[in-house]
Each structure stands twice: as structure tokens, then as C-alpha cells.
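Some notes on the structure that comes next.
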């Protein structure tokens, strides 16, 4: 549990970052060409192009397109009706599948900014999509805002980790953050019970239950799965989860196609908010996409815990066709 520290007044200036920001300013605000900027700073055009790419990737520059695609709007209406959602945002799918996380992050950022207010409690999951969403957010002063993690995390630093996500969000808005000082999966059911009995863990879960807004994504069981990539679930585990009927996870809880938790040891070792408690949070936003996540997205929507959905066009089409 932590309140982010105030930035150091004498923080060392990063010359490369300063140059990147100046390049971005002249390009996006000053309407200069890349060659004009290269001439201005006495650098190559390749260096200018690289600086602009870095500014986008790190969130120093954020782009909003204030228009809607008719085809996406039509899909939104169909998803609203099928799953009885309050709002759906469908974004164009990227040509490069590796860009799906950033595309979804761009898509959910305006929704999140709209809901955040001073004094609110935001509960967050983890993953690559949420990491990209944080990079696309425009920070503002919400000093009484609280961010709380919904599940345990990794034992090492990672941009996808629950601790780093909560910390980054709190830092953007000047609020406090709380996290579960525990792994995603305990080594045994007995150890999980011991962890959950800890007063500090109970305190964080109590805050999560009272959250005004929850921001979630889901995981699948393909080779692209973050759980498999990080080694939290190995190939043998994935096979046994599939055999039990699992199509993916929500907060480390493995679900079948109907959105029910499967009978598997992982579900008895998961350290996260109970899905029955998640259903009581006033506003739950799910952001996820990619064709390999269609089954788990559909499963979560069938549980009826989601109020708003952000999804890409291809996944939306597959979801409606399933």
C-alpha cells in the first residue's frame, strides 16, 4: 500500500527525451515536416521518425480520432442487444495482430476518463491491454482517487503486473493505490487460505468490493496467453484446464463457455476478488479483443457482470457469429 511520492524538483533532465518532445511538438503542433525538423536540429530524418515512434509508444504523444465508423456502430448496437450491456465501443482491428493491445488501449481510454472523478475508487486487473490503456490516458488532478488491484501479482517488476498498473494509474491522477501482496496463484489451497486470512489482504479486498468502477481484461489459453508467457501456467496446466472445460480466465478464475468456474486446482488457489463480489461493483468495464479471445469474452459476458465492453471489429463479428 502506497501513496505515490511527489516528483523530485531536481530530477535529472533526460536529453534524449527532451529532444523527442521538441520533435513531437514541432511535428504535431507546429505542422513541420520531418525533413524540416531534421534540418532545424541538425539530425537525420531517420532520427526524427524514430523519435515520433518513441513518443507514441511511450504515451508522450496521444492521438484521438473524434469520429465513428458506421460498421462499428452497427456492431455495437447488436452487441448491446444480445448481451444487454449499457455501452459498447467497437474499434477497427489492426492489420498487425501485435498492435491489438494498443488499439484497444486507445479505444478504452476515453471511456475510463469519462468515469473517473475525485474521490472514486478504481479497481483494476492486469495485462498488456490495460498497460496500453494507462499509456493512452490523459492525467489530471484527482488527489482523492484510489486505485486498488483485484488480484495478486508477480514477484518481480513487470509493466503488466498488478502493482505497476495500480501505481501508474495512481501516479497519473495523484491518488493512492493498494495492492494484494500475494501471488496470482498460491502454491496450495492451504497457503491460499492463509494468505486470504491476512488482515492486510482482507483490507484490500474490502476496498475492491466497494469500488465505483472496475477495469478488466481477460486471458485465453492459446500460445499467446500472458499466463503461459509468464510461466504462471505451463503447457501441461493449459492442457488440464482445457480438459476441465476452461476457455480462459477472468481475474485468474478459469471459466467454461457458459461463464461458470471450472472444477480445477487453479481455481482453488487463485488470489483475487470473488466473481460474485465483482458482480456487485456499480460499473464494470471489460476491454479485450483478438479472435483467439472470442470464447472467453463471450463466457464473461454470459455471467452478466459486465456493463460496458470495448472490443475490436473482428472479435465483435466472431462473437456475434458464435
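The values are calculated or read from the model by the stated rules, or taken from the named source; none is laboratory data. Remember, it's a predicted structure, so these values are computed and weren't measured experimentally. All Cβ positions, even for glycine, are placed from backbone atoms using ideal geometry, and neighbour counts span all protein chains on display.
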Among the residues in segment 103-125, are any over 30 Å from residue 148 (Cβ atoms), in contact with a helix residue (DSSP H, G or I) (Cβ under 6 Å, 6 or more places away or on another chain) and in a helix (DSSP H, G or I)? no
Restricting attention to segment 306-322, the residues that are modelled with pLDDT of 95 or more and in a loop (DSSP other than H, G, I, E, B) number exactly 2
What are the residue pairs meeting all of these: first residue in segment 201-215, first residue assigned by TED's automatic domain parsing to the domain that holds residue 162 and closer than 16 Å to residue 125 by Cβ, second residue part of a helix (DSSP H, G or I) and at pLDDT below 95, Cβ atoms under 6 Å, and 6 or more apart or on different chains? 213/115
Looking at (1) part of a helix (DSSP H, G or I); (2) more than 16 Å from the chain's Cα centre (by Cα), which is the only condition residue 296 fails? (2)
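Working only within segment 85-101, note down all residues that are within 18 Å of residue 216 (Cβ to Cβ) and either in contact with a helix residue (DSSP H, G or I) (Cβ under 6 Å, 6 or more places away or on another chain) or modelled with pLDDT under 95 (or both).
Across segment 85-101, the qualifying residues are 88, 89, 90, 91, 100, 101.
Yes or no, residue by residue, for (1) closer than 29 Å to residue 92 by Cα; (2) without any contact (Cβ under 8 Å) to a residue 60 or more places away in the chain:
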| site | (1), (2) |
| --- | --- |
| 264 | no, yes |
| 273 | no, no |
| 283 | yes, no |
| 292 | yes, no |
Residue check: is residue 53 within 25 Å of residue 136 (Cα to Cα), modelled with pLDDT of 80 or more and not assigned by TED's automatic domain parsing to the domain that holds residue 103? yes
Name, by its number, the condition in (1) under 23 Å from residue 99 (Cα atoms); (2) buried (at least 17 other Cβ atoms within 10 Å of the Cβ); (3) at pLDDT below 90 that does not hold for residue 131. (3)
Against the conditions (1) surrounded by fewer than 18 Cβ atoms within 10 Å (Cβ to Cβ); (2) in contact with a strand residue (DSSP E or B) (Cβ under 9 Å, 6 or more places away or on another chain); (3) under 28 Å from residue 87 (Cβ atoms), where does residue 253 fall short? Just the number, please. (1)
Could you tell me how many of the residues in segment 88-114 are under 20 Å from residue 283 (Cβ atoms) and exposed (fewer than 15 other Cβ atoms within 10 Å of the Cβ)? 2
Before we move on, is residue 241 touching a helix residue (DSSP H, G or I) at 6+ places or on another chain (Cβ under 9 Å), touching a residue at least 40 places away in the same chain (Cβ under 8 Å) and either closer than 24 Å to residue 110 by Cβ or buried (at least 18 other Cβ atoms within 10 Å of the Cβ) (or both)? no
On the given criteria, is residue 164 within 22 Å of residue 286 (Cα to Cα), free of Cβ contacts under 8 Å to residues at least 40 places away in the same chain and either surrounded by fewer than 16 Cβ atoms within 10 Å (Cβ to Cβ) or in contact with a helix residue (DSSP H, G or I) (Cβ under 9 Å, 6 or more places away or on another chain) (or both)? yes
